[in-house]
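Participant: What follows is a single structure, and I will ask about it in a moment.
The values are calculated or read from the model by the stated rules, or taken from the named source; none is laboratory data. Given the structure is predicted, the values throughout are model-derived calculations rather than measurements. So basically every Cβ, Gly included, is an ideal-geometry build from the backbone, and we count neighbours across all protein chains shown.
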Amino acid sequence: MHAIVSGAGVAGLALAGRLALDGWTVEVVERASAPRASGYLIDFFGPGYEAADRLGLLPALTQRAESFDELRSVDASGRVRATLPIRLVGDAVGGRYMTILRQQVVDALHAQLPASVRIRWGVQVETAHDDGTHVQLLLSDGERVQTDLLVGADGVGSRVRQLGWGRHERFVRPIERLLFAAWLGEDAGFAADLDGKVAMQTELDRQLVVAPLGDGRVTGFAVLGGVAPADARQAIAGIGVLGRRAVRAIREPYIDDVAQTVVEPWVRGRMVLLGDACAAVSLLAGQGASLAIAGAERLAEELAFAKHPSDVTAGLATYERDWRPVIEREQARGRAAAGTFAPHTRFELEAQRAVLKATALPGVAHLVARAAGGVTKR
Ligand SMILES: Cc1cc2nc3c(=O)[nH]c(=O)nc-3n(C[C@H](O)[C@H](O)[C@H](O)COP(=O)(O)OP(=O)(O)OC[C@H]3O[C@@H](n4cnc5c(N)ncnc54)[C@H](O)[C@@H]3O)c2cc1C
């Protein structure tokens, strides 16, 4: 059986690797001309962690993970208001947690990819037509390809979704006019000052998180309410001492709306959507990469024994039936978390600060971490 996967991101590579091991001939088309170096830290836990374990990916991921000892909540003057040992968050999910740059997740997936998987860089699907037994494709390099399966693992702005389902705007739901900016920059002095700690500041409609990497780089993200992309840098600097320091390290930030994708159905004949293309939970749910890997494993399992076109369509239907409820639950959780990232009212802000302050009390940090674990394990 033959599959074309559009998108060499987290979901696409995880699926391609597993399908190839199951005997599929897999080709990946990726619009970018090389692996993308942008991205920032992700908390990796939950269903994707377990899937990565089953897929034999954990050693490669662990090797590339970052380590921090503490989360520090600071105020506008840079004063530390509360601390949370990060180890406790890992403990709360039985140690099955890591912090890792998104680009390192992609790198680990590349490293594990069977040699039989061909990646066509700088290529995208131009047209796609399902003729009832195969999908006929025209690629942007001019080649025509006939395939048993076309997978849209090409992110929030999915090309496959556009071709098979329709206009982007119908499927992308911004959350509460929140803007998200993430970056990775060089600033050895700032990295040294952060001293292995993650610094966080939350204000009305604003949150900024900055973390030092071991090699003198600094990574960070900000969630900003009611700010236009062109004003993101200024808004970050306006948050306080941490913001002013952070903007100096910002190079080519990744800026987008905080958004989810909602698509119904995920399957059209022999075309299927995977990962952010149909199931973006937004960074507010914090599990995008984890769910992308788990969803890829789920889809591959349903296709492992496919020998005929009808096996493919049956497998796709089961994938959607079983995986959609998990995504809908995580999306609801992501929407509910919006106020935590960027509290809208002084009451919400003070409530969050009170919880963080309380974590400085002996025993309370454990309870907070356990509560976080309880939420994430659902
Ligand atoms: C820069 C960046 C940083 C992110 N940081 C975080 C994070 O910290 N935490 C978190 O939970 N989630 C984060 N996400 C989202 C997270 O990576 C996704 O939720 C998760 O990786 C889903 O994987 P995906 O493969 O569906 O999408 P993506 O990882 O976005 O991959 C999609 C791939 O498709 C490619 N593509 C796009 N258009 C086309 C096309 N027309 N043809 C072919 N290929 C195409 C893209 O270049 C990309 O390689 C980030 C996403 C990006 C892009």
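Participant: Can you tell me which residue within region 47-104, out of those that are of a type in the set (Ser, Thr, Tyr) and over 23 Å from Arg206 (Cα atoms), is surrounded by the fewest Cβ atoms within 10 Å (Cβ to Cβ)? Step through it out loud before you land on a result.
Facilitator: Step one: filter region 47-104 for residues of a type in the set (Ser, Thr, Tyr), giving 49, 62, 67, 73, 77, 83, 97, 99.
Of the ones still in play, those that are also over 23 Å from Arg206 (Cα atoms) are 49, 62, 67, 97.
On the way: Tyr49: 21, Thr62: 13, Ser67: 10, Tyr97: 20.
Among residues in region 47-104 that are of a type in the set (Ser, Thr, Tyr) and over 23 Å from Arg206 (Cα atoms), the one surrounded by the fewest Cβ atoms within 10 Å (Cβ to Cβ) is Ser67.
Participant: If you take the residues of region 264-284 that are among the small types (Gly, Ala, Ser) and under 16 Å from the mean Cα position of the chain (by Cα), which of them is modelled with the lowest pLDDT?
Facilitator: By that ranking, first place goes to Ser282.
Participant: Would you check which residues across region 125-162 are touching a residue at least 40 places away in the same chain (Cβ under 8 Å), assigned to a strand (DSSP E or B) and within 13 Å of the ligand (Cβ to nearest atom) and list them?
Facilitator: Answer for region 125-162, where residues must be touching a residue at least 40 places away in the same chain (Cβ under 8 Å), assigned to a strand (DSSP E or B) and within 13 Å of the ligand (Cβ to nearest atom): Val125, Ala128, Leu137, Leu139, Leu150, Val151, Gly152.
Participant: Condition test on Arg102, is it of a type outside the set (A, V, I, L, M, F, W, C) and modelled with pLDDT under 95?
Facilitator: In short, yes.
Participant: Which of (1) touching an Asp or Glu at 6+ places or on another chain (Cβ under 8 Å); (2) in a loop (DSSP other than H, G, I, E, B) does Ala211 not meet, given it meets every other one?
Facilitator: Condition (2) is where Ala211 drops out.
Participant: Ala292 is checked against (1) surrounded by 23 or more Cβ atoms within 10 Å (Cβ to Cβ); (2) more than 12 Å from Val151 (Cα to Cα); (3) free of Cβ contacts under 8 Å to residues at least 60 places away in the same chain and fails just one. What number does that condition carry?
Facilitator: (3) is the only condition that Ala292 fails.
Participant: Of the residues Thr318, Thr261, Thr313, which single one is surrounded by fewer than 22 Cβ atoms within 10 Å (Cβ to Cβ), at pLDDT 95 or above, of a type in the set (S, T, N, Q) and in contact with a helix residue (DSSP H, G or I) (Cβ under 7 Å, 6 or more places away or on another chain)?
Facilitator: Values: Thr261 fails: surrounded by fewer than 22 Cβ atoms within 10 Å (Cβ to Cβ); Thr313 fails: in contact with a helix residue (DSSP H, G or I) (Cβ under 7 Å, 6 or more places away or on another chain).
Exactly one of Thr318, Thr261, Thr313 is surrounded by fewer than 22 Cβ atoms within 10 Å (Cβ to Cβ), at pLDDT 95 or above, of a type in the set (S, T, N, Q) and in contact with a helix residue (DSSP H, G or I) (Cβ under 7 Å, 6 or more places away or on another chain), namely Thr318.
Participant: Which number in (1) over 18 Å from Gln260 (Cβ atoms); (2) buried (at least 20 other Cβ atoms within 10 Å of the Cβ) marks the one condition that Arg161 misses?
Facilitator: If we test Arg161 against (1) over 18 Å from Gln260 (Cβ atoms); (2) buried (at least 20 other Cβ atoms within 10 Å of the Cβ), just (1) comes out false.
Participant: If you don't mind, there's one more thing I want to ask. Just for helices (runs of 4 or more DSSP H) wholly inside region 217-335: which have at least 2 residues that are within 24 Å of Leu109 (Cα to Cα)? Show your work before the answer.
Facilitator: Details: elements: 232-237, 241-248, 276-279, 288-303.
Those helices (runs of 4 or more DSSP H) span 276-279, 288-303.
Participant: Further question on the same structure: So Gly94 fits all but one of (1) in contact with a Phe, Trp or Tyr (Cβ under 8 Å, 6 or more places away or on another chain); (2) at positive phi; what number is the exception?
Facilitator: The failed condition is (1).
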